[in-house]
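Structure first, commentary second.
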Amino acid sequence: MDIVSHGLWGGMAFGRASRKAFWAAFAFSVAPDLLAFGPHFVASVWDSLAGNGGPPIGPRHGYANVPSYIFGIYNVTHSLVVFVVAFSLAWATRRQPWWPLGAWGLHVLMDIPTHSTRFFPTPFLWPLSDYSVDGISWGRPLILVPDLVLLAGLYLWYFGIYRRRTRNTKEKLPGAATD
Ligand SMILES: [Zn+2]
């Protein structure tokens with residue numbers, strides 16, 4: 001899935017408790033891709049500005065130009081095994097689940113069927129197994145169009161109907177804050 005969709009799905013699924021929770025969930029949703037590709041992206045933009053742009057990376061170019069460290073980070077951030085360990089550790093430390101962190105798990109679950117084995121399939125069982133699913137790439141209209149339509153519908157419903165209705169209900173209660 002593209003990084004903005006990840007952020008919006010994760011924020012809605014795990015960050016509805018407050019504005020702070022939303023942005024925490026948004027951050028955990030985009031982090032798996034941002035940590036893996038962000039440093040290389042920034043370095044590439046910097047190189048281009050300096051006039052010596054490096055070779056492009058992307059599905060069309062295969063793995064030829066992908067620095068090896070990206071695979072290392074991608075394995076860690078796209079593993080459900082690592083996620084479950086991290087989520088459990090956070091749960092044990094805080095003595096309660098830290099729900100915004102769950103957005104990271106959702107990122108991995110959404111990536112499994114939306115990446116083909118041709119370019120960065122999701123190593124969700126790393127380091128126990130390198131098994132991956134040959135899904136349909138999120139860049140194809142078959143995935144991208146329903147994704148954007150569902151996201152737009154979900155956010156319109158949430159902010160246009162759901163939130164307005166719950167706010168009205170609260171205001172009708174005696175003693176409720178009317179901010
Ligand atoms: Zn990803």
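The values are calculated or read from the model by the stated rules, or taken from the named source; none is laboratory data. Predicted model, so just to flag it, every value in this text is computed and none were measured. Neighbour counts are summed over all protein chains in view; Cβ atoms, including those assigned to glycine, are modelled from backbone coordinates with ideal geometry. These area figures cover heavy atoms from the full protein model, side chains too; ligands, DNA and RNA do not enter into them. Shrake-Rupley method; radii C 1.70, N 1.55, O 1.52, S 1.80 Å.
As a check on your grasp of the helix formula, calculate [θ] at 222 nm for the chain: sum -39500 (n - 2.57) over DSSP H runs of n ≥ 4, divide by the residue count, round to the nearest 500.
Values: 7 runs with 105 residues, N = 179.
My calculation for the chain gives -19000 deg cm²/dmol from helical runs alone.
Work through the residues other than Val4 whose Cβ is under 12 Å from its Cβ and net out their charges, Lys, Arg +1 and Asp, Glu -1. Write down the numbers at each step before the final one.
Values: positive: none; negative: Asp2, Asp33, Asp147.
Charge balance near Val4 sits at -3.
Jot down the per residue volume, in cubic angstrom and as a whole number, of the convex hull over the alpha-carbon atoms of the range 69-168. Present the calculation step by step, with values, prior to reporting the outcome.
Values: hull volume 11.9 nm³, N = 100.
Per residue, the Cα convex hull of the range 69-168 comes to 119 Å³.
What number do you get for the chain when its Cα radius of gyration is normalised by 2.2 N^0.38 Å, N = residues?
My calculation over the Cα atoms of the chain gives 1.22.
Could you state the per residue volume, in Å³, of the convex hull enclosing the Cα atoms of the range 1-48? Could the numbers behind the result be given before it?
Values: hull volume 3.4 nm³, N = 48.
Value for the range 1-48: 71 Å³ per residue.
From Cα pairs below 8 angstrom and at least 6 apart in sequence, can you work out the relative contact order of the range 11-101, rounded to a whole percent?
Details: 69 pairs, mean separation 30.8, N = 91.
Relative contact order comes out at 34 percent.
Round to a whole number: what % of the accessible area of the chain belongs to carbon and sulfur, probe 1.4 Å? Don't jump to the answer; show the numbers that get you there.
Details: 7700 of 11370 Å².
The value for the chain is 68 percent carbon and sulfur by accessible area.
Between Leu35, Leu49, Leu101, find the one with the highest GNM mean-square fluctuation for the chain; connect C-alpha pairs within less than 10 Å.
Leu49
Using the heavy atoms of the protein chains alone and a 1.4 angstrom probe, what is the accessible area of the chain per residue in square angstrom? Could you put the intermediate results ahead of the total?
On the way: 11370 Å² over 179 residues.
Accessible surface, normalised per residue, equals 63 Å².
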